[in-house]
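A short reminder: the numbers here are calculations on the coordinates, not readings from a lab. Since the structure is predicted, the reported quantities are computational estimates derived from the model, not experimental observations.
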């Protein structure tokens, strides 16, 4: 891969904004450089624009150099930034499996970039050759979500490696749900494939969706490009301080994951026993794609009883499917009991 040939000319020519905290790094007793109000410490000061202290802890946990890490406002920020870096509007295109996480297409449309969808087979397996045939000389990015949302399955490891090694552009593997999967992360292959980017997040396994912190892992050159185009203070001081404390309590996170995976197994068994359920697709995530007798009716029925699931009936290959997130033991039992009563209502009609 020749990275320089993939980057848009306007990005290569860009002089990034230099913030006050970029120009001075270190300790000082008086800060009079950033037009800050000196009262209300510590919130009166702009946060570290490169989040080095937080990156050091993440680097230690993941065994990845901090120079290969970019932190974003969730994963949605780097999803958008990567399109802006590599895809010329109205010229280039992106390829991704279908169905998958909807923000890839939304970000492409916002940036006026063609989005090409390649259908999974009926078991949500991906044909690497079929996907590669959908690319052309103007395909700059391929997005792969593994485990995939909304289907829940992890993509085959060798399939992803074939795509990465065969494609001359950038491959982004979104591993938002990787902590719930028995399949390995591609982080260990990061230095083997310079065109590989791995996205992870603190929203799922780390139970911090409201904090909005995503992590991008890539080569130093790609990370430098992301830092060049991101907004200067994209991660606020509240988020940085919160995550610094949470990262010190990793055993608690591991316990949460263990509990959720045990609940996932129980929930799968109980869902499969319900007459209103036709199929529960295998999951490597913290949710299930569930085929119902009537997804629209089941969705409305649950909403009327204040149980919110996601209706995926309108997506390709997901006819009559709803997506159910694994909750607490009490929440899972409430769902199952309510769906048992749905059976009674159908029988009475």
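If I fit a long axis through the Cα atoms of helix 237-246 and take the longest principal axis of the Cα atoms of the chain, what angle between them do I get, 0 to 90°, rounded to 10? Computed tilt is about 60 degrees. In terms of its C-alpha gyration tensor, the range 198-312 comes out prolate, because a/c is 1.5 or above and the ratio a/b outweighs b/c. Of the three principal axes defined by the Cα atoms of the chain, the extents in descending order read 74, 52, 32 Å.
Taken over the C-alpha atoms, the range 128-195 has Rg and Dmax values of 11.9, 36 angstrom. Rounded to the nearest 10 degrees, the angle from helix 250-272 to the longest Cα principal axis of the chain is 30 degrees. As I understand it, the value is the acute angle between the Cα axis of helix 52-62 and the longest principal axis of the Cα atoms of the chain; what does it come to in degrees, rounded to 10? Rounded to the nearest ten degrees, it is 50.
Taken over the range 251-348, the convex hull of the Cα atoms encloses 94 Å³ per residue. Please list log₁₀ I(q)/I(0) at q = 0.25, 0.26 Å⁻¹ for the range 172-247, using the Debye equation with identical point scatterers on the alpha-carbon positions. Calculated log10 I(q)/I(0) at the listed q: -1.23, -1.24. Take every DSSP beta bridge whose two residues both sit in the chain, then give the antiparallel share in percent to the nearest 5. Given both bridge residues lie in the chain, the antiparallel proportion sits at roughly 50 percent.
Applying D = kT/(6 pi eta Rh) to the range 116-274, where Rh is the Kirkwood radius over alpha-carbon pairs, T corresponds to 37 °C and eta to 0.692 mPa s, the Stokes-Einstein value obtained is 185 µm²/s. With N the number of residues in the range 226-276, Rg(Cα) / (2.2 N^0.38 Å) evaluates to 1.95. Here, the range 69-154 yields an orientationally averaged convex hull projection of 5.8 nm² when only Cα atoms define the hull.
Mean separation of Cα pairs under 8 Å and 6 or more residues apart, divided by the residue count, gives the chain a relative contact order of 16 percent. For the range 1-153, the Cα-based Rg and Dmax, in that order, read 20.1, 63 Å.
For the chain, what is the mean residue ellipticity at 222 nm derived from helices alone (per DSSP H run of n ≥ 4: -39500 (n - 2.57); sum divided by total residues; nearest 500 deg cm²/dmol)? If you can, show how the numbers build up before the last one.
Values: 13 runs with 131 residues, N = 349.
Helices in the chain give a 222 nm mean residue ellipticity of -11000 deg cm²/dmol.
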